[in-house]
Amino acid sequence: MSSYTKFLLISTMLLALGASGSAQIIELEPHTHCSYAEERGQRQEGEYYTLSPSQEEVAWLAQLLSTIHLETNTFEFKASNVRNAVATVQDGRRYILYSKTFFKQFRQEGEINWEVASILAHEIGHHVLDHNFVESTPAERRLMELEADRYSAAVLRSMCAKEEQALAAINSLQGMGFSEYYPPLSARREAISLRWHEKDQELKESLQDPCVMSVPLEFGKQYGKSNRARDPEAVVTP
């Protein structure tokens, strides 16, 4: 299936998910959700209002999801009055809530904002990894955050982000004092960096790296079947 076909399928899926159009209230209680980072005493709790994504947001989300190869549509994207993005489960349904102000930064002058992409991928990761949002043990919550960080790193590498771009979101948190449910920044940076390099190696060894660009042909060189960017039978002569 081509990337464009996947894009259309995911776009259709997201449009269907947002077709209800009506606003709803979601109650974020303690230990029922996850945000990318929370300072001590600043946990997001209470009533949050949600709306369906706009067509522009649907298109951008489709671009992000096209690299993840989701098999199901068991979670929904909803615009909400959260700080940036939150993953939660309500009445058995998986949600990712996001601020429109935050999401508007996803593309700036045609370029992907890697901070936004990383945070969204992190929240998607909580769902894909089937994390238990009602877990209240701080140590377990910290491990969940590291797993979601690693997931986001793999997604961003698949989107052709460089290592420093995959680290952009976590580096923006420098100086914050986090609650006991979040690991230190040093641990999160290491988790992201390590997984980025692992995914980089996996893609290179698979010879299916979507980010490999064509390079100039060299005269007299035989290009074998191991290089799928070339005609496997090609040889270039002067």
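The values are calculated or read from the model by the stated rules, or taken from the named source; none is laboratory data. Bear in mind that the values here come from a model prediction, so they are computed numbers and not experimental data. Cβ: placed from backbone, ideal geometry, glycine included. Neighbour counts: every protein chain shown. Areas reflect the complete protein model, heavy atoms only, side chains present, ligands, DNA and RNA absent. Shrake-Rupley method; radii C 1.70, N 1.55, O 1.52, S 1.80 Å.
Restricting attention to region 82-105, which residues are surrounded by 14 or more Cβ atoms within 10 Å (Cβ to Cβ), more than 18 Å from residue 171 (Cβ to Cβ) and not charged (D, E, K, R)?
82, 86, 87, 88, 89, 90, 95, 96, 97, 98, 99, 103
Looking only at region 181-191, count every residue that is over 13 Å from residue 144 (Cα atoms) and out of contact with any Phe, Trp or Tyr (no Cβ under 9 Å at 6 or more places or on another chain) and tell me the total.
3
Inside region 53-166, counting only strands (runs of 3 or more DSSP E) that do not spill past its ends, which hold 2 or more residues that are touching a His at 6+ places or on another chain (Cβ under 9 Å)?
By residue number, 85-90, 93-98.
Give me the pairs: first residue in region 127-139 and at pLDDT 90 or above, second residue part of a loop (DSSP other than H, G, I, E, B) and loosely packed, with under 13 Cβ neighbours inside 10 Å, beta-carbon distance under 6 Å, and six or more apart or on different chains, which are they?
Cβ pairs passing all conditions: 138/180.
Taking into account only those residues within region 106-137 that are closer than 21 Å to residue 192 by Cβ and of a type in the set (Asp, Glu), which is most open to solvent (accessible area, probe 1.4 Å)?
Among them, the one singled out is 111.
Given the structure, is residue 9 outside any loop (DSSP other than H, G, I, E, B) and either open to solvent by 60 Å² or more (accessible area, probe 1.4 Å) or modelled with pLDDT under 85 (or both)?
yes
Does region 138-189 hold any residues that are surrounded by 14 or more Cβ atoms within 10 Å (Cβ to Cβ), closer than 16 Å to residue 37 by Cα and charged (D, E, K, R), and which are they?
141, 142, 145, 147, 149, 150, 188, 189
Tally the residues that are under 20 Å from the mean Cα position of the chain (by Cα), part of a helix (DSSP H, G or I) and of a type outside the set (S, T, N, Q), restricting the search to region 174-207.
Matching residues across region 174-207 total 16.
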